[in-house]
Amino acid sequence: MSLSKFESMLKTNEVYFFDTSEFENIVEHYLNVGKHSLAKKALQLGLEQHPESINLKLLKVEVLVFDNEIETAISLLADIEAIEPHNDEVFIQRATILSKDKKHKEAIEILKESLEFVEDPVDVWAMIGMEYLYLDDYENARFNFAKCIDVDFEDYSSLYNIIYCFEMEENYEESIDFLKKYLEKNPYSEVAWHQLGKQYYELNMFEDALKAFEYAVLVDDAFIGGYLEKAKTLENLQRHEEAIENYLITLELDDPTAYVYIRIGECYNKLNIKETAIKYFKKAVYEDPLLDRGWLLLTDIYYDVENYNKAVYYINKALQIDDSNPMYWRKYAEINIKLNFYEEAVKAFQMCVNLGDIDVEIYIALADVLLFIGEFENALSILLKAKKVYNNFAEIEYRLFGLFKINHEDDYAFSHLKKALEIDFEHHELIKDLFPTIYKDQDTQNFIAKFSLL
(Lines give C-alpha, C1' and ligand atoms only; values in the text may rest on other atoms or scores of the structure.)
Protein backbone atom coordinates (compact mmCIF):
# COMPACT_ATOMS: atom_id res chain seq x y z
CA MET A 1 0.00 0.00 0.00
CA SER A 2 2.70 2.50 1.03
CA LEU A 3 4.75 1.58 -2.07
CA SER A 4 1.92 2.37 -4.52
CA LYS A 5 1.18 5.55 -2.56
CA PHE A 6 4.85 6.58 -2.86
CA GLU A 7 4.97 5.90 -6.61
CA SER A 8 1.71 7.81 -7.06
CA MET A 9 3.30 10.74 -5.22
CA LEU A 10 6.26 10.71 -7.61
CA LYS A 11 3.96 10.87 -10.62
CA THR A 12 1.88 13.77 -9.31
CA ASN A 13 4.72 15.77 -7.69
CA GLU A 14 2.60 16.00 -4.55
CA VAL A 15 4.14 15.35 -1.13
CA TYR A 16 2.52 12.74 1.10
CA PHE A 17 3.42 11.91 4.66
CA PHE A 18 4.85 8.47 5.55
CA ASP A 19 6.00 7.25 8.93
CA THR A 20 9.59 6.06 9.34
CA SER A 21 8.78 2.35 9.09
CA GLU A 22 6.96 2.97 5.79
CA PHE A 23 9.99 4.80 4.39
CA GLU A 24 12.27 2.00 5.60
CA ASN A 25 10.15 -0.61 3.79
CA ILE A 26 10.05 1.47 0.61
CA VAL A 27 13.83 2.01 0.58
CA GLU A 28 14.56 -1.64 1.35
CA HIS A 29 12.19 -2.75 -1.42
CA TYR A 30 13.92 -0.59 -4.03
CA LEU A 31 17.38 -1.71 -2.86
CA ASN A 32 16.32 -5.37 -3.06
CA VAL A 33 14.99 -5.03 -6.61
CA GLY A 34 17.99 -2.98 -7.76
CA LYS A 35 16.15 0.31 -8.28
CA HIS A 36 18.88 2.37 -6.72
CA SER A 37 17.81 5.83 -7.84
CA LEU A 38 14.29 5.34 -6.44
CA ALA A 39 15.78 4.11 -3.15
CA LYS A 40 17.80 7.33 -2.95
CA LYS A 41 14.72 9.46 -3.67
CA ALA A 42 12.78 7.69 -0.94
CA LEU A 43 15.69 8.17 1.48
CA GLN A 44 15.92 11.86 0.70
CA LEU A 45 12.20 12.41 1.29
CA GLY A 46 12.28 10.18 4.36
CA LEU A 47 15.07 12.13 6.00
CA GLU A 48 13.36 15.41 5.14
CA GLN A 49 10.26 14.24 7.00
CA HIS A 50 12.15 12.34 9.76
CA PRO A 51 15.60 13.96 10.05
CA GLU A 52 16.36 12.21 13.35
CA SER A 53 15.53 8.66 12.21
CA ILE A 54 18.50 6.42 13.00
CA ASN A 55 17.21 3.59 10.81
CA LEU A 56 16.89 5.85 7.76
CA LYS A 57 20.37 7.24 8.40
CA LEU A 58 21.71 3.68 8.57
CA LEU A 59 20.06 2.93 5.23
CA LYS A 60 21.73 6.04 3.85
CA VAL A 61 25.08 4.69 5.06
CA GLU A 62 24.35 1.46 3.19
CA VAL A 63 23.61 3.42 0.00
CA LEU A 64 26.73 5.57 0.40
CA VAL A 65 28.88 2.44 0.80
CA PHE A 66 27.29 0.95 -2.30
CA ASP A 67 28.10 4.17 -4.22
CA ASN A 68 31.66 4.00 -2.88
CA GLU A 69 31.26 7.32 -1.03
CA ILE A 70 33.19 5.85 1.87
CA GLU A 71 34.32 9.04 3.63
CA THR A 72 30.77 10.44 3.76
CA ALA A 73 29.50 7.06 4.98
CA ILE A 74 32.13 6.94 7.76
CA SER A 75 31.25 10.48 8.87
CA LEU A 76 27.52 9.74 9.01
CA LEU A 77 28.19 6.47 10.81
CA ALA A 78 30.21 8.30 13.45
CA ASP A 79 27.25 10.63 14.06
CA ILE A 80 24.92 7.64 14.47
CA GLU A 81 27.37 5.85 16.77
CA ALA A 82 27.57 8.89 19.05
CA ILE A 83 23.80 8.60 19.59
CA GLU A 84 23.44 4.79 19.60
CA PRO A 85 26.87 3.22 20.19
CA HIS A 86 25.45 -0.29 20.61
CA ASN A 87 23.21 -0.34 17.56
CA ASP A 88 23.99 -3.65 15.86
CA GLU A 89 23.59 -2.12 12.38
CA VAL A 90 26.38 0.35 13.22
CA PHE A 91 28.75 -2.57 13.78
CA ILE A 92 27.62 -4.24 10.59
CA GLN A 93 28.12 -1.13 8.45
CA ARG A 94 31.53 -0.49 10.01
CA ALA A 95 32.50 -4.07 9.20
CA THR A 96 31.14 -3.70 5.64
CA ILE A 97 33.29 -0.61 5.09
CA LEU A 98 36.39 -2.39 6.43
CA SER A 99 35.67 -5.42 4.26
CA LYS A 100 35.28 -3.21 1.18
CA ASP A 101 38.72 -1.83 1.99
CA LYS A 102 40.03 -5.45 2.20
CA LYS A 103 40.63 -5.09 5.94
CA HIS A 104 39.02 -8.43 6.66
CA LYS A 105 40.70 -9.14 10.01
CA GLU A 106 39.52 -5.78 11.38
CA ALA A 107 36.03 -6.48 10.01
CA ILE A 108 35.98 -9.80 11.85
CA GLU A 109 36.91 -8.12 15.14
CA ILE A 110 34.10 -5.55 14.74
CA LEU A 111 31.59 -8.29 13.95
CA LYS A 112 32.68 -10.37 16.95
CA GLU A 113 32.27 -7.29 19.13
CA SER A 114 28.73 -6.83 17.80
CA LEU A 115 27.70 -10.30 19.03
CA GLU A 116 27.38 -8.85 22.55
CA PHE A 117 24.54 -6.59 21.39
CA VAL A 118 22.63 -8.34 18.61
CA GLU A 119 19.45 -10.27 19.36
CA ASP A 120 19.81 -12.64 16.41
CA PRO A 121 23.46 -13.53 15.77
CA VAL A 122 22.90 -15.69 12.66
CA ASP A 123 23.48 -12.91 10.12
CA VAL A 124 26.62 -11.84 11.96
CA TRP A 125 28.01 -15.40 12.00
CA ALA A 126 27.37 -15.59 8.26
CA MET A 127 29.22 -12.30 7.74
CA ILE A 128 32.14 -13.49 9.87
CA GLY A 129 32.22 -16.68 7.81
CA MET A 130 32.42 -14.65 4.59
CA GLU A 131 35.27 -12.54 5.97
CA TYR A 132 37.22 -15.71 6.79
CA LEU A 133 36.52 -16.92 3.26
CA TYR A 134 38.11 -13.74 1.89
CA LEU A 135 41.18 -14.64 3.98
CA ASP A 136 41.16 -18.25 2.66
CA ASP A 137 40.78 -19.38 6.27
CA TYR A 138 38.43 -22.22 5.46
CA GLU A 139 38.44 -23.83 8.90
CA ASN A 140 37.20 -20.72 10.71
CA ALA A 141 34.79 -19.96 7.87
CA ARG A 142 33.27 -23.43 8.23
CA PHE A 143 33.02 -23.04 12.00
CA ASN A 144 30.91 -19.87 11.66
CA PHE A 145 28.69 -21.16 8.86
CA ALA A 146 28.11 -24.30 10.94
CA LYS A 147 26.71 -22.11 13.74
CA CYS A 148 24.15 -20.78 11.26
CA ILE A 149 23.18 -24.33 10.30
CA ASP A 150 22.71 -25.26 13.98
CA VAL A 151 20.10 -22.52 14.29
CA ASP A 152 18.40 -23.09 10.92
CA PHE A 153 18.87 -26.43 9.19
CA GLU A 154 17.43 -25.01 5.98
CA ASP A 155 20.02 -22.23 5.74
CA TYR A 156 21.24 -23.58 2.40
CA SER A 157 23.44 -20.59 1.73
CA SER A 158 25.54 -21.53 4.78
CA LEU A 159 25.42 -25.21 3.80
CA TYR A 160 26.77 -24.41 0.34
CA ASN A 161 29.52 -22.28 1.89
CA ILE A 162 30.57 -25.11 4.23
CA ILE A 163 30.82 -27.52 1.30
CA TYR A 164 32.71 -24.90 -0.69
CA CYS A 165 35.27 -24.68 2.13
CA PHE A 166 35.77 -28.45 2.09
CA GLU A 167 36.11 -28.42 -1.70
CA MET A 168 38.68 -25.63 -1.68
CA GLU A 169 40.77 -27.81 0.63
CA GLU A 170 39.98 -30.85 -1.57
CA ASN A 171 38.81 -32.49 1.63
CA TYR A 172 35.99 -34.54 0.14
CA GLU A 173 36.04 -37.27 2.80
CA GLU A 174 35.34 -34.80 5.63
CA SER A 175 32.72 -33.13 3.47
CA ILE A 176 30.99 -36.50 3.07
CA ASP A 177 31.10 -37.11 6.84
CA PHE A 178 29.62 -33.66 7.50
CA LEU A 179 26.81 -34.18 4.99
CA LYS A 180 25.97 -37.62 6.37
CA LYS A 181 25.59 -36.16 9.86
CA TYR A 182 23.52 -33.31 8.46
CA LEU A 183 21.23 -35.78 6.68
CA GLU A 184 20.70 -37.77 9.88
CA LYS A 185 18.98 -34.68 11.26
CA ASN A 186 17.47 -33.42 8.00
CA PRO A 187 16.92 -36.51 5.79
CA TYR A 188 14.50 -34.78 3.41
CA SER A 189 16.97 -32.19 2.16
CA GLU A 190 17.37 -32.62 -1.60
CA VAL A 191 20.14 -30.00 -1.49
CA ALA A 192 22.20 -32.05 0.97
CA TRP A 193 21.70 -35.29 -0.99
CA HIS A 194 22.74 -33.45 -4.15
CA GLN A 195 25.88 -32.10 -2.48
CA LEU A 196 26.70 -35.53 -1.04
CA GLY A 197 26.47 -37.01 -4.52
CA LYS A 198 28.83 -34.37 -5.88
CA GLN A 199 31.43 -35.21 -3.22
CA TYR A 200 31.28 -38.92 -4.09
CA TYR A 201 31.50 -38.00 -7.76
CA GLU A 202 34.73 -36.07 -7.14
CA LEU A 203 36.19 -39.22 -5.57
CA ASN A 204 35.05 -41.32 -8.58
CA MET A 205 32.74 -43.25 -6.24
CA PHE A 206 30.04 -43.31 -8.88
CA GLU A 207 27.77 -45.97 -7.35
CA ASP A 208 27.57 -44.01 -4.09
CA ALA A 209 27.09 -40.77 -6.02
CA LEU A 210 24.23 -42.31 -7.97
CA LYS A 211 22.43 -43.38 -4.78
CA ALA A 212 22.73 -39.84 -3.37
CA PHE A 213 21.36 -38.25 -6.54
CA GLU A 214 18.51 -40.76 -6.61
CA TYR A 215 17.55 -39.69 -3.09
CA ALA A 216 17.74 -36.03 -4.16
CA VAL A 217 15.19 -36.50 -6.95
CA LEU A 218 13.09 -38.77 -4.73
CA VAL A 219 12.75 -35.92 -2.23
CA ASP A 220 12.04 -33.41 -5.01
CA ASP A 221 10.94 -34.96 -8.31
CA ALA A 222 11.31 -31.58 -10.04
CA PHE A 223 14.93 -31.04 -8.95
CA ILE A 224 16.71 -30.39 -12.27
CA GLY A 225 20.20 -30.30 -10.73
CA GLY A 226 19.63 -33.75 -9.25
CA TYR A 227 18.63 -35.25 -12.62
CA LEU A 228 21.58 -33.62 -14.37
CA GLU A 229 24.11 -34.98 -11.89
CA LYS A 230 22.41 -38.36 -11.89
CA ALA A 231 22.67 -38.48 -15.68
CA LYS A 232 26.35 -37.52 -15.64
CA THR A 233 27.02 -40.25 -13.10
CA LEU A 234 25.18 -42.84 -15.18
CA GLU A 235 27.39 -41.84 -18.12
CA ASN A 236 30.46 -42.60 -16.03
CA LEU A 237 28.94 -45.98 -15.20
CA GLN A 238 28.50 -46.61 -18.96
CA ARG A 239 24.72 -46.74 -18.48
CA HIS A 240 24.04 -44.44 -21.40
CA GLU A 241 20.38 -45.34 -22.05
CA GLU A 242 19.48 -44.44 -18.44
CA ALA A 243 21.56 -41.27 -18.67
CA ILE A 244 19.55 -40.21 -21.72
CA GLU A 245 16.28 -40.83 -19.82
CA ASN A 246 17.40 -38.50 -17.03
CA TYR A 247 18.61 -35.80 -19.41
CA LEU A 248 15.23 -35.94 -21.17
CA ILE A 249 13.47 -35.40 -17.83
CA THR A 250 15.33 -32.08 -17.44
CA LEU A 251 14.00 -31.01 -20.85
CA GLU A 252 10.46 -31.67 -19.60
CA LEU A 253 11.05 -29.67 -16.41
CA ASP A 254 12.67 -26.60 -17.93
CA ASP A 255 13.58 -24.90 -21.19
CA PRO A 256 16.06 -26.88 -23.30
CA THR A 257 19.74 -26.04 -23.07
CA ALA A 258 22.57 -26.66 -25.48
CA TYR A 259 24.48 -28.41 -22.68
CA VAL A 260 21.76 -31.09 -22.25
CA TYR A 261 21.46 -31.61 -26.01
CA ILE A 262 25.24 -32.09 -26.18
CA ARG A 263 25.19 -34.65 -23.36
CA ILE A 264 22.33 -36.60 -24.98
CA GLY A 265 24.17 -36.52 -28.31
CA GLU A 266 27.35 -37.85 -26.73
CA CYS A 267 25.42 -40.70 -25.11
CA TYR A 268 23.91 -41.71 -28.45
CA ASN A 269 27.36 -41.45 -30.04
CA LYS A 270 28.78 -43.85 -27.45
CA LEU A 271 25.87 -46.20 -28.19
CA ASN A 272 26.96 -45.94 -31.85
CA ILE A 273 23.59 -44.49 -32.84
CA LYS A 274 25.20 -41.86 -35.04
CA GLU A 275 22.14 -40.36 -36.74
CA THR A 276 20.41 -39.63 -33.43
CA ALA A 277 23.66 -38.22 -32.01
CA ILE A 278 23.89 -35.87 -35.00
CA LYS A 279 20.27 -34.80 -34.47
CA TYR A 280 20.99 -33.74 -30.88
CA PHE A 281 24.29 -32.04 -31.73
CA LYS A 282 22.40 -30.01 -34.35
CA LYS A 283 19.76 -29.12 -31.73
CA ALA A 284 22.63 -27.89 -29.49
CA VAL A 285 24.13 -25.55 -32.09
CA TYR A 286 20.65 -24.34 -33.02
CA GLU A 287 20.04 -23.51 -29.36
CA ASP A 288 23.46 -21.84 -29.03
CA PRO A 289 25.13 -21.07 -32.39
CA LEU A 290 28.24 -19.77 -30.60
CA LEU A 291 28.83 -23.09 -28.86
CA ASP A 292 32.01 -24.14 -30.65
CA ARG A 293 32.02 -27.49 -28.83
CA GLY A 294 28.81 -28.41 -30.64
CA TRP A 295 30.34 -27.68 -34.03
CA LEU A 296 33.44 -29.68 -33.07
CA LEU A 297 31.35 -32.71 -32.07
CA LEU A 298 29.57 -32.56 -35.42
CA THR A 299 32.98 -32.37 -37.09
CA ASP A 300 34.24 -35.43 -35.21
CA ILE A 301 31.19 -37.56 -35.90
CA TYR A 302 31.26 -36.82 -39.64
CA TYR A 303 35.02 -37.43 -39.67
CA ASP A 304 34.45 -40.82 -38.02
CA VAL A 305 31.97 -41.83 -40.72
CA GLU A 306 34.38 -40.52 -43.39
CA ASN A 307 32.09 -37.75 -44.58
CA TYR A 308 34.95 -35.28 -44.90
CA ASN A 309 33.05 -32.63 -46.84
CA LYS A 310 30.59 -32.18 -43.99
CA ALA A 311 33.42 -32.46 -41.45
CA VAL A 312 35.30 -29.55 -43.05
CA TYR A 313 32.07 -27.51 -43.16
CA TYR A 314 31.52 -27.91 -39.43
CA ILE A 315 35.15 -27.34 -38.39
CA ASN A 316 34.98 -24.08 -40.31
CA LYS A 317 31.99 -23.15 -38.14
CA ALA A 318 34.07 -23.80 -35.02
CA LEU A 319 36.97 -21.75 -36.40
CA GLN A 320 34.65 -18.83 -37.13
CA ILE A 321 33.86 -18.75 -33.41
CA ASP A 322 37.40 -19.37 -32.11
CA ASP A 323 40.23 -19.12 -34.65
CA SER A 324 42.87 -19.07 -31.93
CA ASN A 325 42.27 -22.66 -30.85
CA PRO A 326 45.12 -24.85 -32.15
CA MET A 327 43.07 -28.01 -31.61
CA TYR A 328 40.58 -26.77 -34.23
CA TRP A 329 43.36 -26.01 -36.70
CA ARG A 330 44.82 -29.48 -36.14
CA LYS A 331 41.45 -31.04 -36.92
CA TYR A 332 41.08 -28.76 -39.96
CA ALA A 333 44.48 -29.94 -41.22
CA GLU A 334 43.62 -33.62 -40.73
CA ILE A 335 40.38 -33.24 -42.67
CA ASN A 336 42.07 -31.40 -45.53
CA ILE A 337 44.63 -34.18 -45.84
CA LYS A 338 41.74 -36.63 -46.25
CA LEU A 339 40.32 -34.33 -48.95
CA ASN A 340 43.76 -34.10 -50.64
CA PHE A 341 43.87 -30.34 -50.02
CA TYR A 342 47.50 -30.36 -48.93
CA GLU A 343 48.21 -26.66 -49.14
CA GLU A 344 45.28 -26.00 -46.80
CA ALA A 345 46.68 -28.64 -44.44
CA VAL A 346 50.11 -26.94 -44.48
CA LYS A 347 48.53 -23.58 -43.59
CA ALA A 348 46.55 -25.21 -40.77
CA PHE A 349 49.55 -27.00 -39.23
CA GLN A 350 51.55 -23.77 -39.49
CA MET A 351 48.74 -21.98 -37.62
CA CYS A 352 49.03 -24.61 -34.86
CA VAL A 353 52.74 -23.82 -34.47
CA ASN A 354 52.09 -20.06 -34.57
CA LEU A 355 49.49 -20.48 -31.81
CA GLY A 356 51.95 -22.30 -29.58
CA ASP A 357 51.02 -25.92 -30.29
CA ILE A 358 54.55 -27.31 -30.63
CA ASP A 359 53.63 -30.94 -30.08
CA VAL A 360 56.04 -33.19 -31.95
CA GLU A 361 53.10 -34.66 -33.90
CA ILE A 362 52.37 -31.23 -35.40
CA TYR A 363 55.95 -30.75 -36.58
CA ILE A 364 56.09 -34.26 -38.06
CA ALA A 365 52.69 -34.01 -39.76
CA LEU A 366 53.60 -30.63 -41.26
CA ALA A 367 56.95 -31.95 -42.47
CA ASP A 368 55.31 -35.03 -44.00
CA VAL A 369 52.78 -32.97 -45.95
CA LEU A 370 55.56 -30.67 -47.23
CA LEU A 371 57.58 -33.74 -48.16
CA PHE A 372 54.57 -35.23 -49.99
CA ILE A 373 54.06 -32.09 -52.12
CA GLY A 374 57.77 -31.83 -52.84
CA GLU A 375 58.64 -28.81 -50.68
CA PHE A 376 61.80 -30.46 -49.36
CA GLU A 377 63.55 -27.30 -48.15
CA ASN A 378 60.52 -26.20 -46.12
CA ALA A 379 60.16 -29.71 -44.68
CA LEU A 380 63.84 -29.67 -43.69
CA SER A 381 63.45 -26.24 -42.08
CA ILE A 382 60.46 -27.42 -40.01
CA LEU A 383 62.29 -30.53 -38.82
CA LEU A 384 65.40 -28.57 -37.82
CA LYS A 385 63.13 -26.27 -35.81
CA ALA A 386 61.49 -29.31 -34.22
CA LYS A 387 64.89 -30.80 -33.34
CA LYS A 388 65.66 -27.77 -31.16
CA VAL A 389 62.71 -28.77 -28.99
CA TYR A 390 62.88 -32.58 -29.40
CA ASN A 391 66.58 -33.38 -29.54
CA ASN A 392 66.36 -37.16 -29.12
CA PHE A 393 63.39 -38.14 -31.22
CA ALA A 394 63.93 -40.97 -33.71
CA GLU A 395 61.10 -39.96 -36.05
CA ILE A 396 62.68 -36.54 -36.55
CA GLU A 397 66.17 -37.99 -37.10
CA TYR A 398 64.99 -40.53 -39.74
CA ARG A 399 63.24 -37.76 -41.65
CA LEU A 400 66.29 -35.50 -41.46
CA PHE A 401 68.37 -38.36 -42.86
CA GLY A 402 66.07 -38.70 -45.87
CA LEU A 403 65.88 -34.98 -46.58
CA PHE A 404 69.64 -34.43 -46.33
CA LYS A 405 70.11 -37.46 -48.61
CA ILE A 406 67.76 -35.87 -51.17
CA ASN A 407 69.99 -32.76 -50.98
CA HIS A 408 73.06 -34.97 -51.51
CA GLU A 409 74.48 -33.87 -48.15
CA ASP A 410 75.56 -37.37 -47.15
CA ASP A 411 77.70 -36.43 -44.16
CA TYR A 412 74.76 -34.68 -42.49
CA ALA A 413 72.40 -37.41 -43.64
CA PHE A 414 74.31 -40.34 -42.14
CA SER A 415 75.01 -38.50 -38.89
CA HIS A 416 71.23 -38.19 -38.43
CA LEU A 417 70.72 -41.83 -39.47
CA LYS A 418 73.27 -42.92 -36.86
CA LYS A 419 71.49 -40.96 -34.16
CA ALA A 420 68.09 -42.30 -35.23
CA LEU A 421 69.32 -45.90 -35.11
CA GLU A 422 70.82 -45.30 -31.66
CA ILE A 423 67.52 -43.97 -30.36
CA ASP A 424 65.21 -46.56 -31.95
CA PHE A 425 66.72 -49.11 -34.32
CA GLU A 426 63.44 -50.99 -34.87
CA HIS A 427 61.82 -47.89 -36.29
CA HIS A 428 64.15 -47.70 -39.31
CA GLU A 429 61.39 -49.16 -41.56
CA LEU A 430 60.07 -45.59 -41.52
CA ILE A 431 62.68 -44.76 -44.17
CA LYS A 432 61.14 -47.40 -46.45
CA ASP A 433 57.71 -45.74 -46.13
CA LEU A 434 58.83 -42.13 -46.60
CA PHE A 435 61.91 -42.47 -48.80
CA PRO A 436 61.61 -45.84 -50.63
CA THR A 437 64.34 -45.05 -53.18
CA ILE A 438 66.81 -43.91 -50.51
CA TYR A 439 65.98 -47.00 -48.43
CA LYS A 440 66.98 -49.26 -51.32
CA ASP A 441 70.23 -47.33 -51.82
CA GLN A 442 73.20 -49.63 -51.15
CA ASP A 443 74.95 -47.09 -48.90
CA THR A 444 71.82 -46.89 -46.72
CA GLN A 445 71.47 -50.68 -46.55
CA ASN A 446 75.17 -51.13 -45.70
CA PHE A 447 75.01 -48.46 -42.97
CA ILE A 448 71.96 -50.09 -41.33
CA ALA A 449 73.45 -53.59 -41.62
CA LYS A 450 76.78 -52.45 -40.14
CA PHE A 451 74.98 -50.67 -37.26
CA SER A 452 72.94 -53.80 -36.46
CA LEU A 453 76.18 -55.70 -35.80
CA LEU A 454 77.40 -53.22 -33.18
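The values are calculated or read from the model by the stated rules, or taken from the named source; none is laboratory data. What you see is a predicted model, and the numbers here were worked out from it, not measured in a lab. Counting neighbours? That spans all protein chains shown, and the Cβs are built from the backbone with ideal geometry, glycine included.
Observations on the structure shown:
- Single residue of Q199, Q195 found to be surrounded by 23 or more Cβ atoms within 10 Å (Cβ to Cβ), more than 29 Å from H104 (Cα to Cα) and within 23 Å of the chain's Cα centre (by Cα): Q199
- Selected residue [loosely packed, with under 15 Cβ neighbours inside 10 Å, assigned to a helix (DSSP H, G or I) and without any contact (Cβ under 8 Å) to a residue 60 or more places away in the chain] from K405, K388, K419, K331: K388
- Residue match in the stretch 352-362 (condition: within 34 Å of the chain's Cα centre (by Cα) and crowded, with 21+ Cβ neighbours inside 10 Å): yes
- Condition met for Y313 (at pLDDT 95 or above, aromatic (F, W, Y) and more than 22 Å from G226 (Cβ to Cβ)): yes
Yes/no matrix, rows are residues, columns are (1) under 18 Å from I315 (Cα atoms); (2) touching a helix residue (DSSP H, G or I) at 6+ places or on another chain (Cβ under 9 Å):
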| position | (1), (2) |
| --- | --- |
| L339 | yes, yes |
| V353 | no, yes |
| V360 | no, yes |
| A365 | no, yes |
| D368 | no, yes |
| F372 | no, yes |
| F376 | no, yes |
| K385 | no, yes |
| K388 | no, no |
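- Unmet requirement for D150, which otherwise passes all of (1) over 28 Å from Y259 (Cα atoms); (2) crowded, with 18+ Cβ neighbours inside 10 Å: (2)
- Residues within the stretch 217-248 that are aromatic (F, W, Y), assigned to a helix (DSSP H, G or I) and over 17 Å from Y280 (Cα atoms), tallied: 1
- Among residues of the stretch 122-145 being small (G, A, S) and surrounded by 20 or more Cβ atoms within 10 Å (Cβ to Cβ), the one that is farthest from T96 (Cα to Cα) is A141.
- Taking the criterion of being touching a Lys or Arg at 6+ places or on another chain (Cβ under 9 Å) and closer than 26 Å to V369 by Cα, the residues of the stretch 432-454 that qualify are K432, L434, F435, I438, Y439, K440, D441, T444.
- Residue count, the stretch 249-273 (criterion: part of a helix (DSSP H, G or I) and loosely packed, with under 15 Cβ neighbours inside 10 Å): 3
- Enumeration of residues in the stretch 275-322 that are closer than 21 Å to L251 by Cα, among the charged types (D, E, K, R) and in a helix (DSSP H, G or I): E275, K279, K282, K283, E287, R293
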